[in-house]
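Shown next, in structure tokens, is the structure this report addresses.
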Amino acid sequence: MTTFDLGDGLTITATEQGTGSHVLILHGGGGPQSVAGLADALAAHSHVITPTHPGFEGEPRPGWMDTIADLAVAYLDLLDAQDLRDVLVIGNSVGGWIAAEMALRDTRGRIGRIALLNAVGIAGEITNLAGLPPAEITALAFHNPALALRPSENIAANQQTLAIYAGTPYMHDPKLRRRLAHVTVPALVLWGEYDGVVSADYGRDYAAAFPRGSFELIPDAAHFPHVEQLDLTLKALAQPAPTGSAG
């Protein structure tokens, strides 16, 4: 584990592995374990940083850090501190929202492209998971329940932290969609076909909001395509970025 001291009381702990092109992977409400398999696979050919968002898994969260925008700025500061360029930023669920906000604020050209995996963040139909029993959440988030993630022992605290960052309005910024027109880097939007949290049509709308967006549906997967269909996700990530807009 690596701890990055970004000043003003903020430290970020991350798993850092592999060598090669730079990849930053941002988890959603499922915590860092939900993207660990993807990170391990990409580390075979890339330098992969997988941070734990402040407040998740017992990590400290300064009181001033309480929005998705705060997280986006913090991760851009991390890229600055390490002087990383041409970074592929991958985000799942809320992590995808953070990635989109990073691309909007990347004034120093650190990011080469972004990949959103069943991301939230724009206005649309988003299933509110708060208070739902675990079995119902699993049914919405996984096409194959046998592949469901084992809940973290810090699940209650993690959900409280998630609510601080993205709870009001629920899991989106009503103005984000319009601002995405200013993102200049390619944005690949990958979507598990059977997601009960945010539908494939929501994903298509997300991709269409980016000037250089593209959309790809991942079959036999739901909210975590990188868990249920890792090989297909890796294949999609390895494709060259298109130059046109989403279809």
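The values are calculated or read from the model by the stated rules, or taken from the named source; none is laboratory data. Please read all numbers here as calculations on a predicted model, not as lab measurements. Note: ideal-geometry Cβ built from the backbone for every residue, glycine included; neighbour counts use all protein chains shown. Areas reflect the complete protein model, heavy atoms only, side chains present, ligands, DNA and RNA absent. Shrake-Rupley method; radii C 1.70, N 1.55, O 1.52, S 1.80 Å.
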Practice prompt. Go ahead and estimate [θ] at 222 nm for the chain from helices alone: -39,500 (n - 2.57) per DSSP H run with n ≥ 4, summed, over the residue count, rounded to 500.
Written response: -9000 deg cm²/dmol
Worksheet entry | Charge dipole (the chain, unit charges on Cβ, about Cα centre) - positive-most of L132, P219, L88 | L88
Worksheet item: Extension gain M1-Q17, at 0.36 nm per residue separation less the Cα-Cα distance, in nm?
Response: 4.8 nm
Practice prompt. Find the all-direction average of the projected area of the Cα convex hull for region 144-247, expressing the result in square nanometres with one decimal place.
Written response: 7.7
Practice prompt. Write out the GluC sites (Glu not before Pro) in region 108-166 meeting two conditions: DSSP loop, and at most 16 other Cβ atoms within 10 Å of their Cβ.
Written response: E125, E153
Discussion item. Can you give me the distance in nm between label points at L147 and R179, each placed 7 Å from the Cα along the Cα-to-Cβ direction?
Written reply: 3.3
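For D201 and A123 in the same chain, what is the full-extension length gain: residue separation times 0.36 nm, less their Cα-Cα distance, in nm?
Details: separation 78, 0.36 × 78 = 28.08 nm, distance 1.22 nm.
Here the segment from D201 to A123 would lengthen by 26.9 nm.
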Response to the item:
Expected unfolding gain across A81-D8 under the 0.36 nm per residue rule, minus the alpha-carbon gap, is 24.9 nm
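Students sometimes get this wrong: rank H182, H47, H143 by accessible area, probe 1.4 Å, all chains present, largest first.
Values: H182 140, H47 25, H143 80 Å².
Largest to smallest exposure gives the sequence H182, H143, H47.
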Worksheet item: How much of M65 can a 1.4 Å solvent probe reach, expressed as accessible area in Å² and rounded to 10?
Response: 0
Worksheet item: Exactly which trypsin sites (Lys or Arg not before Pro) in region 143-247 are in a DSSP loop and have at most 15 other Cβ atoms within 10 Å?
Response: K175
Worksheet item: Looking only at Cα atoms, what is the convex hull volume of the chain per residue, in Å³?
Response: 112
Worksheet item: For A238, what charge total do you get from the other residues with a beta carbon under 15 Å from its beta carbon, if Lys and Arg give +1 and Asp and Glu give -1?
Response: 0
Discussion item. Between E193 and A156, what's the calculated FRET efficiency when r is the beta-carbon distance and R0 is 35 Å? Round to 0.05.
Written reply: 0.70
Discussion item. Per residue of region 119-125, what does 6.51 cos²θ - 1.76 cosθ + 1.60 with θ = phi - 60° give for ³J(HN,Hα)? Whole Hz please, x for Gly and Pro, Karplus curve as stated.
Written reply: 7, 9, x, 9, 5, x, 7
Fill in: Where Rh is the Kirkwood radius over Cα pairs, Rg/Rh for region 85-162
1.05
Discussion item. Skipping prolines and chain starts, which residues have an amide H placed within reach, meaning under 5 Å, of the one on V189, given they are 5 or more residues away or on another chain?
Written reply: L116, S214, F215, E216
Worksheet entry | Virtual spin-label span in nm between A135 and A238, 7 Å along Cα→Cβ | 4.0
